[in-house]
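Trainee: This is the structure I want to talk about, given as structure tokens.
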Amino acid sequence: MSVSVLSKTRARPWPLATAAAVCLLSFAAFWAAQRLAHVNMLDVMVYRAEGETVRAGGDLYAMRATSANLGMTYPPFAALLFVPLTLVGVPLMRTLATGGNLLLVVALVLLSVRLVRPSLSRADLWRTTFWVAAVVVWCEPVWTTLRYGQINLLIAVAVLWDLTRREGSRWAGLGIGLATAVKLTPGLFVVLLLVAGVLLWRRDRSWNQWLRTAATATGVFLGTTLAVVVALPADSKRFWTETLFETGRVGFAEETANQSIRGVLARLMHTDDPGTWWAVAAALLGGAAMVVAVRAALRGDRAVAVVVCAFTALMISPISWSHHWVWCVPLLILLADRATHAWRVTGAVALVFASFALWWVPHDPGRPELDQNAGQMLLSAVYPLTATALLAGYVLTRRRARGTEAGHGTEAGTTEASTAKAGTTEASTAKAGTTEAGTRTEAGKATEPALEAVLPGVPEQEPRTAPERERQAVAKE
């Protein structure tokens, strides 16, 4: 039986002000810890360079920035969004990036709780949000996102904002469309929306929220991309015809930070290009996982559908750096609310994402990941292995639940049949009783004169009405 940790939390709520204060204290400690760790915020510096290149009219995909010689890997629309970073100095930009990402942690938790528990009151929603945010800010994907100044939290918030809109919202789809225009992987959510929407339409023959959101997201993505083609034609042409297919541009596949299936296979096979093996594995696992997500959507379980889709995108992408896995936040909230042994399961998964275990293996520019032993391979595959185990566990749990329901249904059917049979028997018995009573009544009528003859001393009953008395008197005369 599933016992919700969120329900237990609500039973004895702490004051909202206390939760907010604890969250603020945790964020302050986090900020101080990052400053003490001398984080370089490398990616936000690359974003700034991309914005500067747009302003200077340069070639986006020839640009290189920072000491790591990093180039642009996103669609050109992203560079337009990064232009405001060039309007302030670097110290202020870094401060704003850190502060903005901390606010996005709160937003991600709030939307995740709303996704899992849409019925929570406003006070309970914010109280839970502050408590959870105070904890999850320390997990590895969130820490690394702020360490590099990444945009993963913004992407996740944009997607969840769409998927937690009220039924009939005209704006649902805007966030996914823009997120896909910035970073292509959120496009898998459009696939989920479209497939689920079409299947629901075939069943109900009506335009539904899933189709509406998919249409809006697709329209926003196409409109944004076409507008950028007009604004940056050369960069757009190069990205969509060349850069998009240069997977090695992002980084080496075997790096321990790459937590996708391709990264796992590269380390397992001691190669930087697993080739066909990755394509087959990604197709099989991705297809199976999307079937699970679509079925959850058709059952109305939006939270499971969204989380499964998110982790599918992470696992089948060519490169999924560890900081991309900020989707562990809605996963942990879902597990806390749904898992049969909530504290044990959620605690174990939380330990995986808070342990920084993938960084325990040798990793440096010398590419030691190509020579890992079995133990190192397990540690550097900790995220995809956890996601796969949870997906398999969920599928098995669903099958057992269906088997139990089917057994109860058969038992109930047998009971109903027995009850019906018993009812028929009772009806037959009642009918027999009625027949017997009728027989007794007829027999009683036949034996009444005989009783009078045998017992002459028994007085006759007094006639009840005047006509009867008159007829009786005439008969005596």
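Trainee: Can you tell me which of Val116, Val109, Val90, Val157 is modelled with pLDDT of 95 or more, aliphatic (A, V, I, L, M) and either more than 18 Å from the chain's Cα centre (by Cα) or surrounded by fewer than 17 Cβ atoms within 10 Å (Cβ to Cβ) (or both)?
Mentor: Val90
Trainee: Kindly indicate the residue of region 125-151 that is among the aromatic types (Phe, Trp, Tyr) and under 21 Å from the mean Cα position of the chain (by Cα) and also most open to solvent (accessible area, probe 1.4 Å) among those meeting that condition.
Mentor: Trp126
Trainee: So which residues in region 52-73 are in contact with a Lys or Arg (Cβ under 7 Å, 6 or more places away or on another chain) and polar (S, T, N, Q), if there are any at all?
Mentor: Matches in region 52-73: Thr73 only.
Trainee: OK, next. From the list Ile155, Ile151, which residue is hydrophobic (A, V, I, L, M, F, W, C), within 23 Å of Leu184 (Cβ to Cβ) and touching a Pro at 6+ places or on another chain (Cβ under 9 Å)?
Mentor: One residue alone meets the criteria, Ile155.
Trainee: Can you pull out the residues in region 46-71 that are in contact with a strand residue (DSSP E or B) (Cβ under 8 Å, 6 or more places away or on another chain) and not basic (Lys, Arg)?
Mentor: Result: Val46, Ala49, Glu50, Gly71.
Trainee: Where residues in region 160-180 are out of contact with any Gly (no Cβ under 7 Å at 6 or more places or on another chain) and of a type in the set (S, T, N, Q), which of them is least open to solvent (accessible area, probe 1.4 Å)?
Mentor: By that ranking, first place goes to Ser169.
Trainee: Are there any pairs with C-beta distances below 7 angstrom linking a residue in region 166-193 that is free of Cβ contacts under 8 Å to residues at least 60 places away in the same chain and more than 22 Å from Ala79 (Cα to Cα) to a residue that is open to solvent by less than 60 Å² (accessible area, probe 1.4 Å) and aromatic (Phe, Trp, Tyr), with the two at least 6 apart or on different chains, and if so which?
Mentor: Close Cβ pairs (under 7 Å, with a partner that is open to solvent by less than 60 Å² (accessible area, probe 1.4 Å) and aromatic (Phe, Trp, Tyr)) amount to Leu193/Trp210.
Trainee: Given the criterion modelled with pLDDT of 90 or more, surrounded by 10 or more Cβ atoms within 10 Å (Cβ to Cβ) and assigned to a helix (DSSP H, G or I), identify the matching residue among Ala387, Ala432, Ala427, Ala401.
Mentor: Going through Ala387, Ala432, Ala427, Ala401 in turn, the sole match is Ala387.
Trainee: While we're looking at this one, here's another question. Among the residues of region 190-219, what is the count of those that are closer than 17 Å to Arg166 by Cβ, in a helix (DSSP H, G or I) and over 19 Å from the mean Cα position of the chain (by Cα)?
Mentor: 2
Trainee: Go through (1) farther than 25 Å from Val308 by Cα; (2) outside any loop (DSSP other than H, G, I, E, B) one by one and return the number of the condition Ala350 breaks.
Mentor: Unmet for Ala350, out of (1) farther than 25 Å from Val308 by Cα; (2) outside any loop (DSSP other than H, G, I, E, B): (1).
Trainee: Here is a follow-up. Do you know which residues across region 315-347 are more than 30 Å from Tyr74 (Cα to Cα), touching a helix residue (DSSP H, G or I) at 6+ places or on another chain (Cβ under 9 Å) and open to solvent by 30 Å² or more (accessible area, probe 1.4 Å)?
Mentor: Correct list: Arg338, Thr340, Trp343, Val345.
The values are calculated or read from the model by the stated rules, or taken from the named source; none is laboratory data. The structure displayed is predicted, hence computed values, not measured ones. So basically every Cβ, Gly included, is an ideal-geometry build from the backbone, and we count neighbours across all protein chains shown. Heavy atoms of the whole protein, side chains included, go into the accessibility calculation; ligands, DNA and RNA do not. Shrake-Rupley method; radii C 1.70, N 1.55, O 1.52, S 1.80 Å.
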